[in-house]
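The block underneath contains the structure these notes are about, expressed in structure tokens.
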Amino acid sequence: MSKTRVLLLFGGQSAEHEVSVVSARSVYQAIDSDRYEVILAGISRTGQWFLEDGEASLLEHSEVSNGSGSPVQLGAGQRELVALDGNPVGSTAFDVVFPLLHGPRGEDGSVQGLLELADAAYVGAGVAASAVGMDKELARAVFAQAGLRQTEYLVIRRSAWSADRQGALEEIEAKLRYPLFVKPVNLGSSIGISKVHDSQSLDRAIDLAAV
């Protein structure tokens, strides 16, 4: 019986790059090698794709750096990775992609859309569910439409924060009560999250979340 060939895709351009590498390492170690054959492909912080070339594992380090392996791209409609000039790069045909990317340009529907366009099967939620699930503001709007109870919240735009910090602080304190949790709208892994008890710490927390 032939093994299912799984492309593990990890790294990426978000602040959760290192978390993604840890996730990929865990899956790689736990996957049933009797049933699955794994192909490792990492995405650097600059968006370049690299295929493990056998000289050094892409999972040995905390991040995927340029030059980590052989530069590749996804072959449209081919379910395989190809060289940047479109030529084959060995046995890279796969049956399914396991995206282990975190954050923007990873689990927000963008990579899922790319895989849909390439006619590649993949693990996880589709484009719409990924996009809504990654965006806390959109997710809350969907929850409200469905009649689900939620805690009080307020969305502060970067543009509004940059234009009038004091006005934004006053708006928050007029509508919400301390202690507050401040979160980036589209990051996970607890990155950029703070619990605040006063306006001074609120100011710093918003700066952190807005990075």
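The values are calculated or read from the model by the stated rules, or taken from the named source; none is laboratory data. All values derive from a computational prediction rather than experimental measurement. Here the Cβ positions follow ideal geometry from the backbone for every residue, glycine too, while neighbour counts run over all protein chains shown.
At a glance:
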| item | result |
| --- | --- |
| Helices (runs of 4 or more DSSP H) (entirely within region 109-189) containing at least 3 residues that are under 16 Å from residue 98 (Cα atoms) and out of contact with any strand residue (DSSP E or B) (no Cβ under 7 Å at 6 or more places or on another chain) | 110-117 |
| Residues (hydroxyl-bearing (Ser, Thr, Tyr) and either over 11 Å from residue 79 (Cα atoms) or under 13 Å from the mean Cα position of the chain (by Cα) (or both)) located in region 114-138 | 130 |
| Tally of residues being free of Cβ contacts under 8 Å to residues at least 60 places away in the same chain and either over 15 Å from the mean Cα position of the chain (by Cα) or under 19 Å from residue 26 (Cβ atoms) (or both) across region 93-113 | 0 |
| Qualifying residue in region 110-129 (condition: among the charged types (D, E, K, R) and in the same structural domain as residue 64 (by TED's automatic domain parsing)) | yes |
| Options 194, 190, 199, 159; residue that is under 22 Å from residue 19 (Cα atoms) and loosely packed, with under 15 Cβ neighbours inside 10 Å | 190 |
| In region 1-33, the residues that are among the acidic types (Asp, Glu) and in contact (Cβ under 8 Å) with a residue 24 or more places away in the chain | 16, 18 |
| Residue within region 176-196 that is without any contact (Cβ under 8 Å) to a residue 12 or more places away in the chain and either more than 25 Å from residue 12 (Cβ to Cβ) or not assigned by TED's automatic domain parsing to the domain that holds residue 18 (or both) present | yes |
